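Here's the structure we're looking at; comments come further down.
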Amino acid sequence: MSKIVLGYDDGRSAASALEFAMKIAKAEECELVVAHVLEWSPYSFLTPEELEERHKRRKEEIERAQTALMGPVREVLDKSGIPYRCEIKYGHISETLLEIVKDEGASQIVIGRTGHTPFSARVFGSVAGSLAQVAPVPVTIVP
Amino acid sequence: MKQFLKATGLSVPLMAAAAMPAMAQGIDQTVNDIFAGSTGWFVSLIFSNFPGTSFPWIVAWLVVAATIFTIYFGLIQFRAFPHSIALVKGDYSDPNDAGEVSHFQALATALSGTVGLGNIAGVAVAVGIGGPGATFWMILAGLMGMASKFTECTLGVKYRNEYPDGTVSGGPMYYLTKGFEERGIPMGKFLAVMFSIFCILGALGGGNMFQSNQAHAQISNVVGDYPGWITGIVFAGIVFAVIVGGLKSIARVTEKVVPIMGVLYVVTALLILLINFDQIGWAFGQIFEGAFTGLGVAGGFVGALIQGFKRAAFSNEAGVGSAAIAHSAVRTKEPITEGFVSLLEPFIDTVVICTMTALVIIITGQLVSDPETGLYVLNEAGTAIQTVDGNSGVALTSAAFSASFSGFQYILALAVILFAFSTMISWSYYGLKAWTFLFGEGKTKELIFKVIFCLFVIIGAAANLGPVIDFSDAAIFAMAVVNIIGLYFLMPVVKRELESYMARLKSGEIKKFN
């Protein structure tokens, strides 16, 4: 069974991206991998206090992503009967999504447009933009 | 470490603070008298010289320990150096652990607590008194210190406390207690309490008052003289916002700017060396010749050796135990990996940054030598080498850098202020850990320490509390006395960890991920 990776976050296009991914998954009988990436760099700088609390914070962040973000997604997908898995990872967002695609052997990626202003996208780059540039599989960007 | 400078002759900026009008003089005088009277014996005990020399026994204590660890662990600092780099790069980090504290982050945080005024001004004092030869001994002692760091940071992670909520506490007070207990050695608890007391005093003094005092001296150098309490209140306000208010953004900005400043400093130094590349051979010649002959400096080659050893020992804090507190937060299955990473600290702090300062001072010709004999000319008092403009300490470094890049003194002043701030943040944490070890954890207890810490920022900037600062210097080195005793007893534990890890690394049980 081929797989679709859905890059899911709390952006305003996330819901339509989910809907769109479900439609394809149903039509093509694919498994859906719902992935949420928490932005993280091992080279950022932390204060001693942040070092101490890091493990605790990480647990809390994952916990919150599991319940608040993935909870409603699971509910919808359970009802739909589409086979699916949820992945929560830390890292650079587009790089990590690409790794998931590679590890899963997925055939396509669906992501929501995050709604950056043109300015910030130009300065920092957007996840959708960089994915579209380098992904080895087709990318669908849902507005 | 930045606080010993005063004792080594960098008292000029402190004098500036003393010149402040008489308003606080009365109180200052009283505090000074009380302090000097009751703690003077302690200060002279810690900083006393070997009979008939000007070689403080505490320096020997640190250097001998570093040598013993170097031999005991079979030149670990050289054997494990490539592996340490690989660890910092994240080659051995499990991608599934992303989001936890990385080796790089622990190293960067610990470094921002040690890199500071000592690297800039302290080296100038050492080279100014001990001549270029001091650089050789400084590098040697820095290389040895890597083994001390390795030992203490491994133990820091191994014997840390992990709490149910996922936070951790570690450092010498924990390995002294738990490690001694495990090995059935008495007195562990006593040593841990002693260490904690010295750590709190050191945090308030060298890690705080001295820093705000020096930052104020730097600011008034640039903008002109004004009352120190103004700087004190501003600094205390910022420190308060970070450590009490949890305003992480300020800390994060400093933690980002400090490494940039460090890199900028090294790059500028490299540029100056590049511009004068034809002199580099000569400079190293001076360093080697001076190391064994002294080239006319006060005290001859022994004088050079003492200055170099002092600078290295006091700059990288190897053996003091402070870094073990910062490193123990790393999430790793192998405590020894943190030891490997931490041994890079004295290398970066002393072997790279301190050496850069020394080379720039030598190469820009700040030290006056007699063209006929090739020996250095001493100043009138005969205590230090005559410099081109009569500068010493931070002013000497500033002059050396500005000789090639005009306006560098402003960048240097900014660097000193930021280094001072990041050192305060680091030491507020070290002090807090010692405080909670003694009095237990709890919001109110922690708040009490943090408020005391902020008050000392103001006191440090406002007054010239010489004896108080002397005392806190002594307290920091007293930490090393207690800590190194502990390290001697616990080093077999580290050896076991090392052998087991090396065997598994060789057999491929410990995998490379990237």
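The values are calculated or read from the model by the stated rules, or taken from the named source; none is laboratory data. As the structure is a prediction and not an experimental result, all values here were calculated from the model. Every residue, glycine as well, gets a Cβ built from its backbone with ideal geometry; the counts of neighbours run over all protein chains shown.
Identify, from the list A:Glu104, A:Glu99, the residue that is within 14 Å of another protein chain (Cβ to nearest Cβ), at pLDDT 85 or above, over 18 Å from A:Asp10 (Cα atoms) and in contact with a Lys or Arg (Cβ under 9 Å, 6 or more places away or on another chain).
A:Glu99
Can you find a residue that is under 27 Å from B:Ala313 (Cβ atoms), among the aromatic types (Phe, Trp, Tyr), touching a Lys or Arg at 6+ places or on another chain (Cβ under 8 Å) and assigned to a helix (DSSP H, G or I) anywhere in region B:466-485?
Step one: list which residues in region B:466-485 are under 27 Å from B:Ala313 (Cβ atoms), which gives B:466-485.
Narrowing the set further to residues that are among the aromatic types (Phe, Trp, Tyr) leaves B:471, B:477.
Among the residues that remain, those that are also touching a Lys or Arg at 6+ places or on another chain (Cβ under 8 Å) are: none.
No - not one qualifying residue is present in region B:466-485.
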From the options B:Thr444, B:Thr397, residue that is touching a residue at least 60 places away in the same chain (Cβ under 8 Å) and either touching a helix residue (DSSP H, G or I) at 6+ places or on another chain (Cβ under 8 Å) or more than 26 Å from B:Ile58 (Cβ to Cβ) (or both): B:Thr397
Candidate set from region B:162-188 (those that are within 14 Å of another protein chain (Cβ to nearest Cβ) and aromatic (Phe, Trp, Tyr)); member that is surrounded by the most Cβ atoms within 10 Å (Cβ to Cβ): B:Tyr174
Per the filter on region A:84-96, residues among the aliphatic types (A, V, I, L, M) and more than 10 Å from chain B (Cβ to nearest Cβ) are A:Ile93
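B:Leu412 - would you say it is buried (at least 23 other Cβ atoms within 10 Å of the Cβ), under 28 Å from B:Ala304 (Cα atoms), more than 14 Å from every other protein chain (Cβ to nearest Cβ) and in contact (Cβ under 8 Å) with a residue 40 or more places away in the chain? Explain how you work it out, then say what you get.
Values: buried (at least 23 other Cβ atoms within 10 Å of the Cβ): yes; under 28 Å from B:Ala304 (Cα atoms): yes; more than 14 Å from every other protein chain (Cβ to nearest Cβ): yes; in contact (Cβ under 8 Å) with a residue 40 or more places away in the chain: yes.
Here the answer is yes, as B:Leu412 does meet what is asked.
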Residue in region B:87-101 that is farthest from B:Phe292 (Cα to Cα), counting only those that are of a type in the set (Gly, Ala, Ser) and touching a residue at least 40 places away in the same chain (Cβ under 8 Å): B:Ser93
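Can you pull out the helices (runs of 4 or more DSSP H) entirely within region B:1-79 that have at least 2 residues that are modelled with pLDDT of 80 or more?
Working: elements: B:5-8, B:12-18, B:25-46, B:57-72, B:76-79.
Where helices (runs of 4 or more DSSP H) fall fully within region B:1-79 and carry at least 2 residues being modelled with pLDDT of 80 or more, they are B:25-46, B:57-72, B:76-79.
Find the residue count for region A:51-62, including only residues that are more than 7 Å from chain B (Cβ to nearest Cβ) and over 21 Å from A:Ile100 (Cβ atoms).
Of region A:51-62, the ones more than 7 Å from chain B (Cβ to nearest Cβ) are A:57, A:60-62.
If we keep only those that are over 21 Å from A:Ile100 (Cβ atoms) too, we end up with A:57, A:60.
So the count comes out to 2.
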The lone condition B:Leu191 fails out of (1) surrounded by 24 or more Cβ atoms within 10 Å (Cβ to Cβ); (2) modelled with pLDDT of 90 or more; (3) in contact with a Gly (Cβ under 7 Å, 6 or more places away or on another chain) is (1)
Among the listed residues B:Ser472, B:Ser422, B:Ser426, which satisfies the condition of being within 17 Å of the chain's Cα centre (by Cα) and within 15 Å of B:Val244 (Cα to Cα)? B:Ser426
Go through region B:82-117 and give me each residue that's within 21 Å of the chain's Cα centre (by Cα) and away from chain A (no Cβ under 14 Å). B:Ser84, B:Gly116, B:Leu117
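Just for region A:1-16: of the residues that are under 19 Å from A:Thr67 (Cα atoms) and among the hydrophobic types (A, V, I, L, M, F, W, C), which one is nearest to the chain's Cα centre (by Cα)? Reasoning before the result, please.
So the first thing to find is which residues in region A:1-16 are under 19 Å from A:Thr67 (Cα atoms), and the list is A:6-12, A:14-15.
After this cut, where a residue has to be among the hydrophobic types (A, V, I, L, M, F, W, C) as well, the list is A:6, A:14-15.
Values: A:Leu6: 6, A:Ala14: 9, A:Ala15: 12 Å.
Applying the filter and picking the extreme gives A:Leu6.
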Within region A:107-127, take every residue that is crowded, with 17+ Cβ neighbours inside 10 Å and over 19 Å from A:Ile24 (Cα atoms) and give me the one that is modelled with the highest pLDDT. A:Val127
Please go through region A:7-48 and pick out each residue that is within 14 Å of chain B (Cβ to nearest Cβ) and more than 30 Å from B:Ile250 (Cα to Cα). A:Ala35
Would a scan of region A:71-83 turn up a residue that is modelled with pLDDT of 85 or more and either within 14 Å of chain B (Cβ to nearest Cβ) or within 30 Å of B:Ala323 (Cα to Cα) (or both)? no
Scanning for something modelled with pLDDT of 80 or more, among the charged types (D, E, K, R) and surrounded by fewer than 24 Cβ atoms within 10 Å (Cβ to Cβ), does region B:306-328 turn up at least one residue? no
Inter-residue pairs, beta-carbon under 6 Å, first in contact (Cβ under 8 Å) with a residue 12 or more places away in the chain and in region A:1-23, second aromatic (Phe, Trp, Tyr), 6+ apart: A:Ala14/A:Tyr8
Whether any residue in region A:39-55 is surrounded by fewer than 19 Cβ atoms within 10 Å (Cβ to Cβ) and within 12 Å of the chain's Cα centre (by Cα) is what I want to check. yes
Cβ-Cβ below 7 Å, separation at least six or inter-chain, first residue in region B:163-180 and charged (D, E, K, R), second in a helix (DSSP H, G or I): which pairs? B:Asp165/A:Lys56
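Rundown of residues vs (1) exposed (fewer than 15 other Cβ atoms within 10 Å of the Cβ); (2) more than 11 Å from chain A (Cβ to nearest Cβ), yes/no style:
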{"residue": "B:Phe421", "(1), (2)": "no, yes"}
{"residue": "B:Ser428", "(1), (2)": "no, no"}
{"residue": "B:Lys433", "(1), (2)": "no, no"}
{"residue": "B:Gly440", "(1), (2)": "yes, yes"}
{"residue": "B:Glu446", "(1), (2)": "no, no"}
{"residue": "B:Phe449", "(1), (2)": "no, yes"}
{"residue": "B:Phe453", "(1), (2)": "no, yes"}
{"residue": "B:Phe456", "(1), (2)": "no, yes"}
{"residue": "B:Ala461", "(1), (2)": "no, yes"}
